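Chemist: Take this structure, written in structure tokens, and hold onto it; I'll ask about it next.
What follows is calculated from the coordinates using simple rules that are stated; it is not laboratory data. Quick caveat, the model's predicted, so the values are computed rather than measured. Here the Cβ positions follow ideal geometry from the backbone for every residue, glycine too, while neighbour counts run over all protein chains shown.
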Amino acid sequence: MTLDPLLLSRLQFAFTVSFHIIFPSMSIGLCAFLVLVEFMHLRTGDELYRRIYRFWSILFALGFGMGVVSGLVMSFEFGTNFSRFAQAVGPVIGPMIGLEVMSAFFLEAGFLGIMLFGWGRVGPRLHFAATCLVSVGTMISATFILAANSWMQTPAGVTFDGRTFHVVNWVKAFLNPSFPYRAAHMLLAAWITAAFLIAGVSARYLLQGRHLDTARRCYSLALAAASILLPLQLYLGDVLALDVMAPHQIAKIEAMEGFWETTPSAPWNVIVIPDQRKGRNRFALSVPYLGSVLVGKNFHTSIPGLNETPRDRRPTMWIVFYSFRVMFLLGTLMFCAGIYSVWLRWRHRLYTSRRFQRLMVWLTPSGFICVLGGWFTAEPAANRSRSTAISEPWIPFRRSRLPPW
């Protein structure tokens, strides 16, 4: 491996993005939780909800501040590390990021002071409105950023003159093919991340026998949210990968599944040791037929291999493969924990099962790890044109589920 300027620039940007994404994931989810808590406080008058709000608003403020500071660095790195790229795509993603700052960031900053310091200084309804507006601002911010990133994944609404992209249709550029699904997927990920953070911290307090009233209420709310959101997230992730991204980025699917040659009745690779230069796996530990079942919902679906993609357009398999495996397996464990929490609640054992509470403590950072795994999975693969990808024989899995837009 040669540490040339391009590789060093990519490593620096990868570190910056990985560090940054932790904080928006936390702040988006925590702010939505604060909206719920304050709504319950206004509805019931229960002072416990107010104490919960004051506790988690401190962590939200820390995450918000760190997200702003770390996000500024990325803007500079676009220009310093990838100046030619920034010059080419600037007419497209520049206005999107600018609108994010002018709308979402100013909305958040304008009402953040009321939200954090307005208790007892403004009326309860005005304070609740400020919390709602900050939460809306965080989601709008994520929407604009995901629009820009999704356009880089699935470009639309532009022309290219050999040097610079020019927008011919802003609606198509913003609502590019992958944007609605990736934006929804990211927002769900942020809410789930916050749910497991809250549940894990609350489980710690329950195990220690401290602040039991607050811990029980937070524990119950967080696990209820997780049990609802996780099934939606797993379904949306399946649609995003197989129905949305596969026609545009076939190489990403090939690397995610860990195959070099097209494989009918494919197993599901658990562990692979790929040889990128020779285009083969040195070792593979697989579960028979499970790959075809997960991808095609039958035992006979053929899964394409990375050797079908030109060598200069192949992502590094081990990065995509293991990033996806970490996200998928840990997300499945989180889903099982959410379903089991429903069983414990039904059996009136939610607050007494210490083994499950210990599990939730271990799963406290699980949402952050899944978010990082998802970003590492999404970014390495190169785009392929829709006209090329659509001719692949394995593509028509379940495309009929997509809405007409």
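Chemist: Gaussian network model of the chain, Cα springs within a sub-10 Å range: biggest mean-square fluctuation belongs to which of Leu133, Leu240, Leu359?
Modeler: Leu359
Chemist: Going by how many other beta carbons lie within 10 Å of each one, how would you line up Phe283, Phe368, Phe196, fewest first?
Modeler: If I rank by nearby Cβ atoms, fewest first, I get Phe283, Phe368, Phe196.
Chemist: Which of Cys31, Cys132, Cys218, Cys336 has the fewest other C-beta atoms within 10 Å, and how do the rest follow up to the most? Could you put the intermediate results ahead of the total?
Modeler: Numbers: Cys31 28, Cys132 18, Cys218 24, Cys336 12.
Sorted ascending by nearby Cβ count, the order is Cys336, Cys132, Cys218, Cys31.
Chemist: Would segment 1-161 count as rounded, prolate or oblate if I go by the C-alpha gyration tensor, calling it rounded below 1.5 in a/c and otherwise prolate when a/b exceeds b/c, oblate otherwise?
Modeler: prolate
Chemist: Let me ask something else about it. Give me the dipole magnitude in Debye, nearest 20, for the chain about the Cα centre, with unit charges on the beta carbon: positive for Lys and Arg, negative for Asp and Glu.
Modeler: Computed charge dipole of the chain: roughly 1020 debye.
Chemist: Using the Cα centre as the reference, give the magnitude of the dipole from point charges on the C-beta atoms of segment 1-161 (Lys, Arg: +1; Asp, Glu: -1; all else neutral), rounded to the nearest 20 debye.
Modeler: With Lys and Arg at +1 and Asp and Glu at -1, about 440 debye.
Chemist: Pulled fully out, how much extra length does the chain show between Thr214 and Val101, if you take 0.36 nm times their separation in residues and subtract their Cα-Cα distance? Display every interim value, and only then the final one.
Modeler: On the way: separation 113, 0.36 × 113 = 40.68 nm, distance 3.57 nm.
Going from the current span to full extension adds 37.1 nm.
Chemist: Would you kindly derive the ³J(HN,Hα) couplings of segment 224-233 from the backbone phi angles with the Karplus curve 6.51 cos²θ - 1.76 cosθ + 1.60 (θ = phi - 60°), listing them in order in whole Hz, with x for Gly and Pro?
Modeler: 5, 5, 5, 5, 8, 6, 5, x, 5, 5
Chemist: If you don't mind, another one. Set Lys and Arg Cβ to +1 and Asp and Glu Cβ to -1, take the dipole of segment 1-161 about its Cα centre, and tell me which of Tyr49, Ala148, Leu99 lies farthest positive.
Modeler: The residue sitting farthest along the positive end of the dipole is Tyr49.
Chemist: In nm, to one decimal, how far is the Lys278 label point from the Leu126 one, both placed 7 Å along Cα→Cβ?
Modeler: Calculated label separation equals 7.2 nm.
Chemist: Give the residue from Gly338, Ser18, Pro310 lying farthest towards the positive end of the charge dipole for the chain; charges sit on Cβ (+1 for Lys and Arg, -1 for Asp and Glu) and the dipole is referred to the Cα centre.
Modeler: Gly338
Chemist: At a Cα cut-off below 26 Å, give the lysines reachable from Lys278, other chains included and same-chain residues fewer than 8 away excluded.
Modeler: Lys252
Chemist: Sequence-distant or interchain residues sharing an amide H contact under 5 Å with Ser286, placed H: which?
Modeler: Val270
Chemist: Let me ask you something else. May I ask you to evaluate 6.51 cos²θ - 1.76 cosθ + 1.60, the Karplus curve with θ = phi - 60°, for each residue of segment 89-106 and list the ³J(HN,Hα) values in order in whole Hz, giving x for glycine and proline?
Modeler: Karplus values, whole Hz, x for Gly and Pro: 9, x, x, 9, 7, x, x, 5, 5, x, 5, 4, 5, 5, 9, 5, 5, 5.
Chemist: Give the separation of the Cα centroids, segment 163-185 to segment 249-322, in Å.
Modeler: The distance from the Cα centre of segment 163-185 to that of segment 249-322 comes to 29 Å.
Chemist: Over the chain, what is the relative contact order in percent, taking alpha-carbon pairs closer than 8 angstrom and at least six residues apart?
Modeler: 16 percent
Chemist: Rounded, prolate or oblate for the chain? Axes are the square roots of the Cα gyration tensor eigenvalues, ordered a ≥ b ≥ c, and the cut-off for rounded is a/c under 1.5.
Modeler: Cα axes put the chain in the oblate bin.
Chemist: I need Ile140, Ile58, Ile145 ordered by Cβ neighbour count within 10 Å, fewest first.
Modeler: Ile58, Ile140, Ile145
Chemist: Before rounding to the nearest 500, sum -39500 (n - 2.57) across all DSSP H runs of length at least 4 in the chain and divide by the residue total; then give [θ] at 222 nm in deg cm²/dmol.
Modeler: The per-residue figure over the chain is -22500 deg cm²/dmol.
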